[in-house]
Amino acid sequence: MSKHEIENTPQDQIQYREYKIILQAQHFTSAHAFVDFWSIVRETAKKFDVKVKEAENAFESNVREVLFYDTEDFALYKNHFILRLRTHYKGGWPQGIPELTFKFRHPDFKTAAAVDVRPAASGGIARIKFKEELLPLRETLGGTRSIFSHNCVLAKPREGLEVAVKDLAWAFPAIHQVGADHETPLKLVNDMAVEEVQVDVGELHFGGGFNGKTTIAVWRTRKYERAFCGEFAFQCRFDSEDEIHKSSLQRAEDFYKTLQLDAHEWVSLASTKTALVYQIGQPLHATRSE
């Protein structure tokens with residue numbers, strides 16, 4: 001693939017920092033839950049002089065189908081790889097070509113940076129993203145821990161994903177390090193399709209141009225016809241970490257930690273949405289904790 005087909009280079013420098021909080025599913029019984037949680041966010045923002053820029057259609061729901069593919073024994077996930085397909089829906093119908101994301105996610109920066117997730121070939125543009133994802137601590141509110149996510153995002157028709165490991169390795173050479181039998185088939189994880197309902201509520205401005213695009217979402221399983229988690233997130237993009245003002249970075253972190261406490265009745269200390277998808281219907285030892 002020529003470098004002109006890569007929208008972002010295979011960088012080992014972080015250009016995104018995304019702050020995430022998993023929310024308890026029982027709060028999402030209607031669309032008003034988005035408004036309720038956003039009101040908590042606004043109150044916390046006032047404590048740190050964080051400017052809130054609400055979008056014009058802040059609470060307009062965006063619906064996507066989210067599918068994960070892996071081997072029967074989750075060989076990809078156990079080796080820190082994730083294969084996800086997302087399809088936008090409008091009025092009950094799929095819109096455009098689905099978005100395929102191939103990612104390597106690891107708590108160690110150097111390990112994540114070293115993995116080249118670029119495809120061997122592509123019929124379109126592949127976007128390479130290297131992100132630091134901040135999560136609450138595993139056992140208590142008011143803290144942070146990081147995982148690093150090296151992502152390749154490209155357009156891919158839905159057909160043809162239930163293939164063998166060898167086919168995925170041909171498309172993404174990084175898969176060779178998994179060590180799975182190349183004839184092993186890929187399947188829909190836990191035979192479960194996720195319906196994501198998300199609102200793009202606006203932006204949080206922490207000063208010095210360090211702004212976070214902000215979303216609230218709920219994930220529902222079509223298999224069991226129930227919500228299993230929500231998520232609040234804000235993502236900040238930058239060309240170089242050196243350009244971020246220390247005061248802005250500190251304000252974002254303080255806001256994030258305090259929001260966990262202010263919204264304690266909503267917060268779940270489950271690790272990630274993806275981890276929950278893998279855990280549904282599985283014994284605890286069958287999946288790797290993120």
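Structural remarks
- Positions within region 183-220 being of a type in the set (G, A, S) and in contact (Cβ under 8 Å) with a residue 40 or more places away in the chain, in sequence order: A193, G202, G207, G208, G212
- Test for K47: is it at pLDDT 95 or above and touching a strand residue (DSSP E or B) at 6+ places or on another chain (Cβ under 8 Å): no
- First in region 135-150 and on the phi < 0 side of the Ramachandran plot, second anywhere and basic (K, R) and assigned to a loop (DSSP other than H, G, I, E, B), Cβ under 8 Å, 6 or more apart: R145/R138
- Picking from residues in region 12-37 that are closer than 25 Å to I244 by Cβ and either in a loop (DSSP other than H, G, I, E, B) or of a type in the set (F, W, Y) (or both), the one that is modelled with the lowest pLDDT is D12.
- Condition check for A233: part of a helix (DSSP H, G or I) and within 17 Å of S149 (Cβ to Cβ): no
- Taken together, K223, K187 contain a single residue that is modelled with pLDDT under 95, under 30 Å from A120 (Cβ atoms), out of contact with any strand residue (DSSP E or B) (no Cβ under 6 Å at 6 or more places or on another chain) and not hydroxyl-bearing (S, T, Y), which is K187.
- For region 87-106, the candidate set comprises residues that are over 14 Å from T274 (Cα atoms) and of a type in the set (D, E, K, R); within that set, the residue that is surrounded by the most Cβ atoms within 10 Å (Cβ to Cβ) is E99.
- Members of region 245-274 that are crowded, with 16+ Cβ neighbours inside 10 Å and free of Cβ contacts under 8 Å to residues at least 60 places away in the same chain: S248, L249
Yes or no, residue by residue, for (1) under 20 Å from the mean Cα position of the chain (by Cα); (2) in a helix (DSSP H, G or I):
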{"residue": "A180", "(1), (2)": "no, no"}
{"residue": "V197", "(1), (2)": "yes, no"}
{"residue": "G202", "(1), (2)": "yes, no"}
{"residue": "G208", "(1), (2)": "no, no"}
{"residue": "K213", "(1), (2)": "yes, no"}
{"residue": "A217", "(1), (2)": "yes, no"}
{"residue": "F228", "(1), (2)": "yes, no"}
{"residue": "A252", "(1), (2)": "yes, yes"}
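- Every test in (1) at pLDDT below 95; (2) over 30 Å from S240 (Cβ atoms); (3) surrounded by 12 or more Cβ atoms within 10 Å (Cβ to Cβ); (4) of a type in the set (D, E, K, R) is passed by R64 save one, and that test is (1).
- Taken over region 67-86, the criterion of being in contact with a Gly (Cβ under 9 Å, 6 or more places away or on another chain) and either crowded, with 18+ Cβ neighbours inside 10 Å or assigned to a helix (DSSP H, G or I) (or both) is satisfied by A75 alone.
- Residue match in region 165-182 (condition: in contact with a Ser or Thr (Cβ under 8 Å, 6 or more places away or on another chain) and either free of Cβ contacts under 8 Å to residues at least 60 places away in the same chain or exposed (fewer than 14 other Cβ atoms within 10 Å of the Cβ) (or both)): no
- Answer residue from region 275-290, given it is crowded, with 19+ Cβ neighbours inside 10 Å and within 22 Å of Y224 (Cα to Cα) and is modelled with the lowest pLDDT among those: T287
- Pairing residues of region 88-116 that are within 14 Å of A174 (Cα to Cα) with residues that are small (G, A, S) and part of a strand (DSSP E or B), at Cβ distances under 9 Å and at least 6 apart in sequence or on separate chains, gives K103/S149; F104/S149; R105/S149; A112/S149.
- Of the criteria (1) more than 27 Å from Q15 (Cβ to Cβ); (2) surrounded by fewer than 19 Cβ atoms within 10 Å (Cβ to Cβ); (3) among the hydroxyl-bearing types (S, T, Y), which one T111 fails: (1)
The values are calculated or read from the model by the stated rules, or taken from the named source; none is laboratory data. All of these numbers come straight from a predicted model, not from anything done at the bench. Note: ideal-geometry Cβ built from the backbone for every residue, glycine included; neighbour counts use all protein chains shown.
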